[in-house]
1. For Ser109 and Ser362, compute 0.36 nm times the residue count separating them, minus their Cα-Cα distance, and round to one decimal in nm.
2. For the chain, what is the mean residue ellipticity at 222 nm derived from helices alone (per DSSP H run of n ≥ 4: -39500 (n - 2.57); sum divided by total residues; nearest 500 deg cm²/dmol)?
3. Counting other beta carbons within 10 Å of each Cβ, put Glu530, Glu509, Glu131 in order, fewest first.
4. Throw me the Rg/Rh for the chain, computed over C-alpha atoms with Kirkwood Rh, two decimals.
5. Compute the distribution of all C-alpha to C-alpha distances in the range 101-259, in bins of 5 Å from 0, and list the percent of pairs in each, rounded to whole numbers.
6. In square nanometres, what is the average projected area of the Cα convex hull of the range 59-191?
7. Which length gain, in nm to one decimal place, applies between Leu475 and Asp302 when the Cα-Cα distance is subtracted from 0.36 nm times their residue separation?
8. In nm, to one decimal, how far is the Asn527 label point from the Ile271 one, both placed 7 Å along Cα→Cβ?
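Every number here is computed from the coordinates shown, using simple stated rules; none is lab data. Here the structure is a predicted model, which is why all the values come from computation and not from measurement. Reconstructed Cβ throughout: ideal geometry from the backbone, glycine too, with neighbour counts over all protein chains shown.
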Amino acid sequence: MAYQDHIIEMDTLIKANKAPWEGISAESVARMRLQNRFKTGLEIAKYTADIMRKDMAAYDADPANYTQSLGCWHGFVAQQKLISIKKHFGTTKQRYIYLSGWMVAALRSEFGPLPDQSMHEKTSVPALISEIYTFLKQADARELGGLFRDLDAARAAGDKAKEAKLIDAIDNYETHVVPIIADIDAGFGNAEATYLLAKKMIEAGACALQIENQVSDEKQCGHQDGKVTVPHEDFLAKIRALRYAFLEMGVDNGIIVARTDSLGAGLTKQIAVSHTPGDIGDKYNSFLDCEEISPADMKNGDVVLNRGGKLLRPKRLPSNLFQFREGTGADRCVLDCITSLQNGADLLWIETEKPHIEQIASMVDRIREVVPNAKLAYNNSPSFNWTLNFRQQVFDAWKSAGKDVSAYDREKLMSVDYDDTDLAAEADDKIRTFQRDAAKRAGIFHHLITLPTYHTAALSTDNLAKEYFGEAGMLGYVAGVQRKEIRQGIACVKHQNMSGSDIGDDHKEYFAGEAALKAGGVHNTMNQFEAI
């Protein structure tokens with residue numbers, strides 16, 4: 001509904017209630033309505049699911065239309081990211097937010113910092129989704145509030161052209177609210193537990209849920225050792241639980257991202273149930289590391305498989321876990337992905353140990369032989385040493401092409417001594433184009449960085465502490481933070497405005513008129529930044 005239509009509708013309602021409502025301004029109500037477009041998390045989930053579906057279709061038409069996100073661990077961080085995106089690019093199109101279970105565990109648990117092993121309170125995940133959208137909605141209210149103030153000023157100046165331009169900007173306003181891809185880990189329990197948590201996450205606003213095929217009680221970070229996967233039927237039950245949750249909540253377009261950790265997971269906790277040779281359980285078991293035995297070799301407690309009339313005993317570790325044969329990770333990933341897509345998943349996530357396009361593409365090519373429109377969300381992880389990995393990839397390519405690499409030590413390519421070399425420059429160029437190239441070659445629809453704001457917070461704090469507590473003193477803050485905020489047009493330099501002070505002043509004026517006691521008067525020190 002257009003701005004003027006909101007005013008007309010409210011004016012009619014106010015007049016219908018006659019004298020008791022005479023103190024209510026139709027235009028003020030219209031402004032508050034537009035500043036609070038989304039009333040519930042479910043409205044957000046439905047709206048953002050539609051965005052993701054359109055983006056997925058656009059990617060299928062042209063892989064240049066890939067999407068991106070950064071992981072955020074606080075509503076304020078997410079808000080500032082979206083404000084920056086709108087400032088620099090003018091639109092939020094194809095930019096999302098990733099909610100990382102790793103960062104929830106490390107930064108949001110009441111137990112304190114925890115490893116990424118699903119030990120944090122699962123309620124903290126929907127709580128963070130809700131928090132992020134609260135901050136994004138506040139960013140809308142703040143920016144629209146500025147437009148309304150400018151509109152009032154244009155009217156006061158009798159500038160009709162500017163007034164019309166501002167009303168058009170209000171009518172075509174683009175929200176800061178974007179899709180969240182939210183990490184539900186391995187589901188935090190059985191399929192019922194997964195379903196219950198999924199409902200809470202959807203209710204908070206999540207349109208996309210990412211679930212992994214590890215066991216809940218042995219879940220590990222995808223870039224750590226000791227990962228244990230579950231048989232396909234167990235994982236598919238959780239995928240179906242997510243779909244039931246989406247449908248129950250009325251988010252029919254909800255997106256399920258099925259993640260496989262099989263490339264780096266060499267263990268399973270249980271033997272899959274198999275009813276007929278070649279079924280999905282039999283395929284899962286076929287990757288187990290087994291030894292052929294005779295009936296006489298069987299011991300109490302042994303688990304044995306009958307394959308083609310042969311008795312096979314899977315190798316069991318002291319941990320009571322079973323191990324897969326080495327070198328089967330890629331094959332298991334492909335089977336995981338195909339099975340997930342055939343049973344309700346919308347996107348895939350293959351967790352890898354390095355950022356290598358051809359490694360990813362080699363699996364995606366096989367998946368697409370069965371599911372032609374298969375596409376991935378990919379973790380551009382800070383766990384990868386990007387500089388070393390890509391310098392080594394360039395080194396290997398040069399060596400394979402017969403180029404002289406005698407000036408380089410492959411194992412020491414991270415050294416600062418190589419920073420200004422041709423090899424380093426080529427590696428950096430490949431890092432720069434990695435997302436674009438991988439979207440085209442390896443079927444990656446969505447590129448995300450799981451933990452970027454964790455690392456930027458640590459880096460910026462280190463820089464400030466070094467300067468402020470050192471010789472620079474207060475100049476360490478002024479030159480290193482505030483002056484850069486001013487020069488770069490960072491909205492937070494006016495921190496009172498960012499926290500909602502001006503929005504509150506507007507409301508006070510709506511409620512009390514000229515009697516309102518407002519914070520933004522002449523003595524507000526934020527006025528020192530007014531010309532910025």
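1. Length gained between Ser109 and Ser362: 87.3 nm.
2. Details: 20 runs with 251 residues, N = 532.
Result for the chain: -15000 deg cm²/dmol, rounded to the nearest 500.
3. Least to most surrounded, the residues fall as Glu530, Glu509, Glu131.
4. 1.04
5. The calculated distribution, bin by bin, is 2, 9, 15, 16, 15, 11, 8, 6, 6, 5, 4, 3, 1, 0, 0.
6. The Cα convex hull of the range 59-191, projected and averaged over all directions, gives 11.3 nm².
7. On the way: separation 173, 0.36 × 173 = 62.28 nm, distance 7.01 nm.
Additional length available on full extension: 55.3 nm.
8. So the two model labels end up 8.1 nm from each other.
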